[in-house]
Amino acid sequence: MLFCSVLPASDSRAAGKLVAALLTCDLPRYREAHRAFMKALVLKGYDQSNVEIITQTPNPDLISWSNSIRKFNAIGADVIVSYGTSATLTALRESQDIPIVYADVYGPVETGVAKSMASSGRNIAGVSSKVPLVTLVKTAMEVKPIRTLGIVSASREEGAMAQLKEARKIAAQAGVVLVETNVASPAGLDAALATLLATRVDCIYVTECTAGGRFFEKIVHRANELKIPVISQMPGAAHKGALISLEADPAEQGQAAADYVARILSGKKASSLPVVTPKRVDLIVNLKAARLLDLNVPFPVLTAATRVLK
């Protein structure tokens, strides 16, 4: 799906520039980040007189992402903006000469997007969405003892795998047994859920995998039937029924990306820019979900939460 919109700047150095944006898939968190990006770029002085923004949200697969980046190369984009780990890694593979600014990439170093947090070491810069998984898991364990933790992940998605590897370390330290599922496509979600529910895991952690994001409410509904809480780091997870979520703000992701695009349009080298880390992070406790699960949320958990959904 291709649609164009135009944006912002009174800076003559940016005159006639083209910014091309690619969303990994059509998820609310990417749309929210991109809307914030567009607004922030306007506030930095960029408008239709000198910058055109082209946005693509293709099917969530490697061929579609690659085709989008090749289109951006062909039309001579001055900057590519990518939302999500998969779209960003595809942009790196398909475009060596055009500066890339990414947002909502979980663990840029762990996924190979950046060589270090100080500098990507290549023609790319952007914003990490990594928040401490250990905080999420420990908070969940304060609400309900967790001996077995089910995980919905996808081996072909680097962001999801970074979260899975982190979960393995945390589980090993806490003595928790992991029940891992690999959802290669949305069609494989039912089999993954059947495995987790049959095992009667104590809790389900949903990584940022595409299938988990697109069908999160289905996962929550099936888990609720067996009184199994769901936790996640995906923005919007608590509002979709997760008991606890730890979420980086998508709007902040887009605003930070806009700042980097503005700097690059003004002549800054992407390779000289450090990875931005999230500052607006919410630990959200969903009391409605707790009631459905017959769980009592301890007062210290409510005190630690930055938001409580009633």
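Details
- Test: residue in the stretch 156-172 that is of a type outside the set (Ser, Thr, Tyr), in contact with a Ser or Thr (Cβ under 9 Å, 6 or more places away or on another chain), at pLDDT 95 or above and more than 29 Å from residue 33 (Cα to Cα): no
- Residue in the stretch 40-59 that is open to solvent by less than 20 Å² (accessible area, probe 1.4 Å) and assigned to a helix (DSSP H, G or I) present: yes
- The stretch 139-149 - residue that is open to solvent by less than 70 Å² (accessible area, probe 1.4 Å) and without any contact (Cβ under 8 Å) to a residue 60 or more places away in the chain and, of those, nearest to the chain's Cα centre (by Cα): 149
- For residue 223, the test of being in a helix (DSSP H, G or I) and open to solvent by 10 Å² or more (accessible area, probe 1.4 Å) is failed.
- Candidates 289, 258, 270: the one that is among the hydrophobic types (A, V, I, L, M, F, W, C) and under 20 Å from the mean Cα position of the chain (by Cα) is 258.
- Subset tally (residues that are out of contact with any strand residue (DSSP E or B) (no Cβ under 7 Å at 6 or more places or on another chain) and either among the hydrophobic types (A, V, I, L, M, F, W, C) or open to solvent by less than 20 Å² (accessible area, probe 1.4 Å) (or both)) for the stretch 115-127: 3
- The listed residues are 165, 130, and the only one of them that is exposed (fewer than 15 other Cβ atoms within 10 Å of the Cβ) and not polar (S, T, N, Q) turns out to be 165.
- Flag if residue 296 is open to solvent by less than 30 Å² (accessible area, probe 1.4 Å), among the polar types (S, T, N, Q), modelled with pLDDT of 95 or more and more than 21 Å from residue 105 (Cα to Cα): no
- Evaluating residue 187 against the criteria (1) of a type in the set (A, V, I, L, M); (2) touching a residue at least 12 places away in the same chain (Cβ under 8 Å); (3) farther than 30 Å from residue 262 by Cβ leaves one unmet condition, (2).
- Of residues in the stretch 250-291 being more than 30 Å from residue 223 (Cα to Cα) and among the β-branched types (Val, Ile, Thr), the one surrounded by the fewest Cβ atoms within 10 Å (Cβ to Cβ): 277
- In the stretch 251-265, the residues that are closer than 12 Å to residue 99 by Cβ form Cβ pairs under 6 Å with partners that are at pLDDT below 95 and part of a helix (DSSP H, G or I), at six or more places apart or across chains, as follows: 265/14.
- Selected residue (only one of 175, 188 is open to solvent by 20 Å² or more (accessible area, probe 1.4 Å) and in contact with a helix residue (DSSP H, G or I) (Cβ under 9 Å, 6 or more places away or on another chain)): 188
- Selection status of residue 195, of a type in the set (Ser, Thr, Tyr), buried (at least 21 other Cβ atoms within 10 Å of the Cβ) and part of a helix (DSSP H, G or I): no
- The stretch 198-210, subset out of contact with any strand residue (DSSP E or B) (no Cβ under 7 Å at 6 or more places or on another chain) and within 17 Å of residue 225 (Cβ to Cβ), residue surrounded by the fewest Cβ atoms within 10 Å (Cβ to Cβ): 198
- Enumeration of residues in the stretch 60-101 that are open to solvent by 50 Å² or more (accessible area, probe 1.4 Å) and polar (S, T, N, Q): 67, 73, 96
The values are calculated or read from the model by the stated rules, or taken from the named source; none is laboratory data. Computed from a predicted structure; not experimentally measured. FYI the Cβ positions are ideal-geometry reconstructions off the backbone, even for glycines, and counts take in every protein chain you see. All accessible areas refer to the heavy atoms of the entire protein, side chains included, with ligands and DNA or RNA removed. Shrake-Rupley method; radii C 1.70, N 1.55, O 1.52, S 1.80 Å.
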